[in-house]
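Worksheet for the structure shown next.
Just so you know, all these numbers are worked out from the coordinates, no wet-lab data involved. As the structure is a computational prediction, the values presented were derived from the model and not from experiment. Note that each Cβ is placed from the backbone with ideal geometry, even for glycine, and that neighbours are counted across all protein chains shown.
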Amino acid sequence: MSIRESTVKRLALRLKRLAGARRLGNISKAEMESQRTQQIKQTWNFLESLRRIPEELRFATYFGLGDWWMFQKSYHPNMCRLCDFYGDVSLFNGKDLRGTFPHLTVVDEDTIEPNVHPYCGCSLSRIVESQI
């Protein structure tokens, strides 16, 4: 079973649980719709992030506990506050990348474009454990 198939099956199971909780009266209709929308958005973002890894680079790991990335600011004169903040934080673990940068794009084995905003010129560079 592929990652996409298992993700969609997990989403279907979560939505069934929400419907069951609604039938039992444990949650309101508005709360159920809110949670349902949130689950669908999270699944969609995850599936979209899988598409942003080029086929020839899928053998490498990017989002594991052992993967460390350094945020490199663009230092553009109009750099946004969020990019400036991430540059001050600097180090990110691979497991946190998808949540922090939902629109990221893998460029090569050692470079990721975080796409914090549409005109972002910043990048994430892989750090070897000896550099940490």
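Label separation (F63 vs L13): 1.8 nm, computed from points 7 Å beyond Cα along the C-beta direction.
Cross-link partners of K9 among lysines, defined as those whose alpha carbon lies under 20 angstrom from its own and excluding same-chain residues fewer than eight positions apart: K41. A cut-off of 5 Å between modelled amide H atoms, ignoring neighbours fewer than 5 places along the same chain, links S123 with Q72. When each of T111, T61 is scored by the number of other beta-carbon atoms lying within 10 Å, the sequence from fewest to most is T61, T111.
You can think of it this way: the chain between S125 and N93 has 10.4 nm of extra reach, that is 0.36 nm per residue less the Cα-Cα gap. Annotation: lysines with alpha-carbon distance below 22 angstrom to K73 (same-chain offsets under eight excluded): K95. Length available on full extension from I27 to I40: 0.36 nm per residue minus the Cα-Cα distance, which gives 2.9 nm.
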